[in-house]
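In what follows, a structure is listed as structure tokens, so that the remarks can point back to it.
The values are calculated or read from the model by the stated rules, or taken from the named source; none is laboratory data. These numbers were taken from a predicted model, which means no experiment stands behind them. Using ideal geometry, Cβ is built from the backbone for each residue, glycine included, and neighbour counts are taken over all protein chains shown.
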Amino acid sequence: MARREAARQQRLEVARGHGRRVAMRNVEAKFPLPDAGAVRQRAEALGFECTGTLIQHDTFFVVSNGKLKLREQRDGAWLIHYRRHHEKGFELSDYDIVPVSEPLKLRQLMSAALGVLARVRKRRTLLQRAHIRLHLDHVDNHGVFGELEAVLPEGEDPASCRTEIAAILAALQIPVGQLIDVSYFELTR
């Protein structure tokens, strides 16, 4: 448990903009939500607590390896590069995240240099239980989705998180066969 808390604190430090580049890993499962209210009630019954609602604007850039996005929201902006590995319906992501102090200028620069692949705007309700986050995402022009995300402490085997996420999905009544293995913008491609 101490390792998970250390991973969470490390991520929070980056999110607060302390300027350090940190390589991270997570296991995630994304799924369509026909009834976000019912899923939220089930999640709260499992001990998830709402920690806030975010308005996020993601700009994805054309890159040859993985995905690169600039995430902008009211309390800050971050450049995020990630690579996903698909395993048994779950995604294992390796990612780097860097705080950005001038997102508008960076977005213009990256757009000119690399090209824009897609833009995604969403309202994200964030619920958390220990090291597991549940996102309830209302994605403009795409619909409503859920995403479970478990941040892995350095050196931890993702298998334990996959087991925990599978149990939460079952409790939320989300069939594993409904999991989505692409980014939101790829759903219409």
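At-a-glance table
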quantity: Looking only at the range 150-189, and only at residues there that are small (Gly, Ala, Ser) and modelled with pLDDT under 85, the one that is surrounded by the most Cβ atoms within 10 Å (Cβ to Cβ); calculated: Ser160
quantity: Candidate set: the range 159-177, residues that are polar (S, T, N, Q) and part of a helix (DSSP H, G or I); chosen: the one farthest from Leu46 (Cα to Cα); calculated: Ser160
quantity: Residue in the range 87-107 that is without any contact (Cβ under 8 Å) to a residue 40 or more places away in the chain, exposed (fewer than 14 other Cβ atoms within 10 Å of the Cβ), over 23 Å from Ala36 (Cβ atoms) and among the basic types (Lys, Arg) present; calculated: yes
quantity: Residue satisfying condition, being touching a Cys at 6+ places or on another chain (Cβ under 6 Å) and at pLDDT 95 or above, within set Leu117, Leu109, Leu127; calculated: Leu127
quantity: Cβ pairs under 7 Å, 6+ apart, first in the range 62-74 and without any contact (Cβ under 8 Å) to a residue 60 or more places away in the chain, second surrounded by fewer than 19 Cβ atoms within 10 Å (Cβ to Cβ) and of a type in the set (Ser, Thr, Tyr); calculated: Gly66/Tyr82
quantity: Residue within the range 126-136 that is touching a Gly at 6+ places or on another chain (Cβ under 8 Å), crowded, with 18+ Cβ neighbours inside 10 Å and under 30 Å from Leu104 (Cβ atoms) present; calculated: yes
quantity: Residue within the range 48-59 that is more than 15 Å from the chain's Cα centre (by Cα), aromatic (Phe, Trp, Tyr), buried (at least 17 other Cβ atoms within 10 Å of the Cβ) and modelled with pLDDT of 95 or more present; calculated: yes
quantity: Hits in the range 97-149 - residues which are out of contact with any strand residue (DSSP E or B) (no Cβ under 8 Å at 6 or more places or on another chain) and of a type in the set (Asp, Glu); calculated: Glu102
quantity: Search result, residues across the range 138-164 that are over 14 Å from the mean Cα position of the chain (by Cα) and within 25 Å of Gln56 (Cα to Cα); calculated: Asp140, Asn141, His142, Gly143, Val144
